[in-house]
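**Student:** Mind having a look at this structure? Questions to follow.
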Amino acid sequence: MLITTTRLILIPLIALITLGLSSGLSPAVAREAAPLKTVERVDLKRYSGKWHQIALLPNRFQAQCLSDTTATYTLQADGKIEVKNRCVIEGGKTEEVIGAVKPLSGDTTGAKLKVRFAPAWLAWLPQVWGNYWVIDLDPDYQYAAVSEPDRKFLWILSRTPTMDAAKYSALLARLSAMGFDTTKLVVTPPTSSKS
């Protein structure tokens, strides 16, 4: 059962408003960390498709998600990208929100993107667009790590509901080297087992 559109619009709007209110870094680590770098290039055609959330730094706009969190990116004929985020919430209901993705102005790598879940008529407001930076990407596009310049948010994504333990550990080591406190990551259950 899908949640009403009004609630789905409000959740991402609240998320964008609270963008600066939570952090995956301690203040000391944030001061010492070098500017966050992205991968060299992302082929958006290859990046399109369904991704499963493996882990994330907790955030307010996904607090209701209990399991089975996915993001599906669809490259449109006009070159725009649609993103459909879904998760299972309390009572086994599915929550879904649809947004838009575009390259960061001036970026030609495909690694620095902007995402919006607010209604299209608000797209002219810069505040409704959040940073979506691909900071780690498997050469075969089987897993990725996504964040933003201030490291307040972090998502580990995989093409499959679970990720190989060795690859996950290696990714955590790389993220830690980038200045993330990976001990704050919360693993997302791949099935509706959390109640």
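**Student:** I'd like the residue in segment 46-76 that is farther than 18 Å from Leu185 by Cα and at pLDDT below 95 and, out of all such residues, is surrounded by the most Cβ atoms within 10 Å (Cβ to Cβ).
**Tutor:** Restricting to residues being farther than 18 Å from Leu185 by Cα and at pLDDT below 95, the top hit is Leu75.
**Student:** Is at least one residue of segment 118-137 open to solvent by 30 Å² or more (accessible area, probe 1.4 Å) and among the charged types (D, E, K, R)?
**Tutor:** Scanning segment 118-137 turns up no residue that is open to solvent by 30 Å² or more (accessible area, probe 1.4 Å) and among the charged types (D, E, K, R).
**Student:** Quick check on my filter: what residues within segment 130-185 are touching a Ser or Thr at 6+ places or on another chain (Cβ under 7 Å), under 23 Å from Lys45 (Cβ atoms) and without any contact (Cβ under 8 Å) to a residue 24 or more places away in the chain?
**Tutor:** Correct list: Gln142 only.
**Student:** Now for a different question. Limited to segment 48-91, what total is found for residues that are among the charged types (D, E, K, R), part of a helix (DSSP H, G or I) and out of contact with any helix residue (DSSP H, G or I) (no Cβ under 7 Å at 6 or more places or on another chain)?
**Tutor:** 1
**Student:** Moving to a separate point now. Only one of these is in contact with a Gly (Cβ under 6 Å, 6 or more places away or on another chain) and either β-branched (Val, Ile, Thr) or open to solvent by 30 Å² or more (accessible area, probe 1.4 Å) (or both): Val97, Val101, Val83. Name it.
**Tutor:** Val83
**Student:** If you don't mind, there's one more thing I want to ask. Do we find a residue being at pLDDT 95 or above, at negative phi and of a type in the set (A, V, I, L, M, F, W, C) anywhere in segment 28-38? Can you show your working first?
**Tutor:** Filtering segment 28-38 for residues at pLDDT 95 or above gives 36-38.
In the following step, the residues that additionally are at negative phi were identified as 36-38.
Narrowing the set further to residues that are of a type in the set (A, V, I, L, M, F, W, C) leaves 36.
Checked segment 28-38: at least one residue is at pLDDT 95 or above, at negative phi and of a type in the set (A, V, I, L, M, F, W, C).
The values are calculated or read from the model by the stated rules, or taken from the named source; none is laboratory data. Bear in mind that the values here come from a model prediction, so they are computed numbers and not experimental data. Cβ atoms come from the backbone with ideal geometry, glycine included; neighbour counts cover every protein chain shown. Side chains included, ligands, DNA and RNA excluded: accessible areas come from the protein's heavy atoms. Shrake-Rupley method; radii C 1.70, N 1.55, O 1.52, S 1.80 Å.
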